[in-house]
Amino acid sequence: MKDIFYSPYQLTSRQSLNAKVQGAGRDGVLLMVRWNDGLVGFADLHPWAELGDQNLDEQLRILREGKLTALSHSSLWLARRDAEARFAERNLLPEKAELKNNALLSSVMDIDGDHLNALKLQGFDTIKLKLGRDLKQELHQLRHFQGTSFKLRLDFNNVLDENTYADFMASVPEGIRKQIEYVEDPFSYEAKSWSKVRHFAPLAIDQELSQVLHHSDPAFDVVILKPAKTDVAEAVHFAQKHNCKVAVTSYMDHPVGVIHAAAVAAELRHEYGDLVLQSGCLTHTAFAEDDFSKQIQTEGALIFPVVGDGVGFDDILEALPWQKLARL
Ligand code: MG
């Protein structure tokens, strides 16, 4: 049995500062879980209803009823990891950070030579780009990578179709195409059509991962593993069985979620070596700085432990107002 407490928070998107539409605040809750054996651990619960998650009210209602969603199941698993590390007075992140993160550029307009040089000097060697809004312009901007040593991760969030994707990739100069480490979610997953375009660049599955985890012959090369919503053991087992690589990413969530994801990534890398690619956990900078994100120590592509045990943040977590949610 365990008692679950929650504390609501709001993250403020940095881009909302310039956006015409206000109200880009994102709601979530931190969970504090106290097990019967006395261990206490923390985790984040940050639904993206836009991506098909039950919204926050639903998540809390379902938890209150003693049932779990994919998200809350993961939160409880992560909270237990945190609890055990706290009990052992151990930080979940290794002191010597080794596994790098990609730099995340949400707009291709952020790409120019100076910016790329700065990223390189900071120690980034892999860049993730969100594409699919204006293919012509994006194709044009990709030229900045010609002759650089950056590896590229392109994420289309399933907004294209097979022909549009094939046309786009055929237009990418070969030199740049070779720099593409993988293309994530070019269009909605379908084994046959993904097979047809797989020769352009390795493919990675993210949003539809849970639907394909039981498929026998996947037409992709990389599994994007988000510990915030995917069963880690199941995804790793799948990747091993089907010869895929794994890239761990955070869920554009609270700093507590960011550190949990980074810790899972470091642990998997330690255990499985080259199966695990660079991570995508450096997402807290997409939001305005708060008491939590202030404590995240980074050096270029690396994330270091936050002071404290487990995921860290001991003092601010304890000082939060916690309300009882459920006893399961
Ligand atoms: Mg994605």
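The values are calculated or read from the model by the stated rules, or taken from the named source; none is laboratory data. Keep in mind the model is a prediction, meaning the values are calculated, not measured. Glycine also receives a Cβ, built like all others from the backbone with ideal geometry; neighbour counts cover every protein chain displayed.
So, of the residues in segment 231-242 that are more than 16 Å from the chain's Cα centre (by Cα) and either of a type outside the set (A, V, I, L, M) or within 14 Å of the ligand (Cβ to nearest atom) (or both), which turns out to be surrounded by the fewest Cβ atoms within 10 Å (Cβ to Cβ)?
Step by step, filter segment 231-242, then rank; the result is LYS241.
What's the total number of residues in segment 243-254 that are surrounded by 16 or more Cβ atoms within 10 Å (Cβ to Cβ) and more than 16 Å from the ligand (Cβ to nearest atom)?
Qualifying residue count, segment 243-254: 1.
Only residues in segment 198-211 that are over 13 Å from ASP155 (Cα atoms) count as the first member; pair them with residues that are within 10 Å of the ligand (Cβ to nearest atom) and modelled with pLDDT of 95 or more, Cβ under 7 angstrom, at least 6 apart or cross-chain, and list the lot.
What qualifies is LEU209/ILE224.
Any residue in segment 315-328 that is of a type in the set (Phe, Trp, Tyr) sitting within a Cβ distance under 8 Å of a residue that is modelled with pLDDT of 95 or more and not in a helix (DSSP H, G or I)? List the pairs, counting only those 6 or more apart or interchain.
Pairs found: TRP322/PHE5; TRP322/TYR6; TRP322/SER7; TRP322/MET32.
Kindly indicate which of HIS73, HIS115, HIS140 is in a helix (DSSP H, G or I), in contact (Cβ under 8 Å) with a residue 60 or more places away in the chain and out of contact with any helix residue (DSSP H, G or I) (no Cβ under 8 Å at 6 or more places or on another chain).
HIS73
Name the pairs: first residue in segment 240-267 and more than 25 Å from ALA288 (Cα to Cα) and in a strand (DSSP E or B), second residue of a type in the set (Val, Ile, Thr) and away from the ligand (no atom under 16 Å from the Cβ), Cβ to Cβ under 7 Å, at least 6 apart or on different chains?
Matching pairs, first to second residue: VAL246/VAL236; VAL246/VAL276.
For segment 278-294, which positions are over 14 Å from ALA103 (Cα atoms) and either basic (Lys, Arg) or surrounded by 20 or more Cβ atoms within 10 Å (Cβ to Cβ) (or both)?
PHE287, PHE292, LYS294
Taking the condition of being more than 14 Å from LEU92 (Cα to Cα) and either among the small types (Gly, Ala, Ser) or surrounded by fewer than 22 Cβ atoms within 10 Å (Cβ to Cβ) (or both), how many residues in segment 257-277 meet it?
Selection size over segment 257-277: 5.
Filter segment 278-311 down to residues that are among the β-branched types (Val, Ile, Thr) and assigned to a loop (DSSP other than H, G, I, E, B) and give me whichever is farthest from ALA83 (Cα to Cα).
The selected residue is THR283.
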